[in-house]
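These notes are about the structure you will find just below.
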Amino acid sequence: QVQLVESGGGLVQPGGSLRLSCAASGSIFSINTMGWYRQAPGKEREMVARITSGGITKYAGSVRGRFIISRDNAKNTVDLQMNSLKPEDTAVYYCKAGDGLGVTTVDYWGQGTQVTVSS
């Protein structure tokens, strides 16, 4: 089993910044893609940003240019630097990691951390 622990959420004013961190631990085989997803009340969970072990990134259009995802393969951690935050960014943010190779890859999720952007 792989465990993911998120940290860094909180309350911030519009235009402010937060940095989310996620650490993977446990019986890790081979983590390929790690990413951040978010879900607001009444909304579908959506991909915010993801990054492969090779450093290839992908961002949701709504956060591109404001958020930066990074990872440390040796430590199995992934961070999300969130800048110029907007009220629309308010949601529970979840860390996701894919462990394994090919068709045997298993997805793991963290418990989530609340991000609230409000004045």
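The values are calculated or read from the model by the stated rules, or taken from the named source; none is laboratory data. As the structure is a prediction and not an experimental result, all values here were calculated from the model. Heavy atoms of the whole protein, side chains included, go into the accessibility calculation; ligands, DNA and RNA do not. Shrake-Rupley method; radii C 1.70, N 1.55, O 1.52, S 1.80 Å.
List of remarks:
- One entry in (1) 13.2, 40; (2) 14.1, 49; (3) 13.9, 46 is Rg and Dmax of the Cα atoms in Å calculated from the shown coordinates; its label is (3).
- Protein heavy-atom surface of the chain, 1.4 angstrom probe: 50% of the accessible area is carbon and sulfur, with nucleic acids and ligands not counted.
- Annotation: residue 58 carries an accessible surface of approximately 100 Å², with a 1.4 Å probe and no ligand, DNA or RNA atoms counted.
- Residues of type lysines that residue 75 reaches as a straight line, Cα spacing below 17 Å, ignoring anything fewer than 8 places off in the same chain: 96
- Take the chain with all the other protein chains still there, run a 1.4 Å probe, and you get 53 Å² of accessible area per residue.
- Those aspartates and glutamates that a straight Cα-Cα span of less than 20 Å connects to residue 43, excepting residues fewer than 8 apart in one chain: 88, 89
- Short-range pairs are left out: with C-alpha atoms under 8 Å and at least six residues apart, the relative contact order of the chain is 36 percent.
- Hits among aspartates and glutamates - C-alpha to C-alpha of residue 86 under 17 Å, sequence gap 8 or more where chains match: 46
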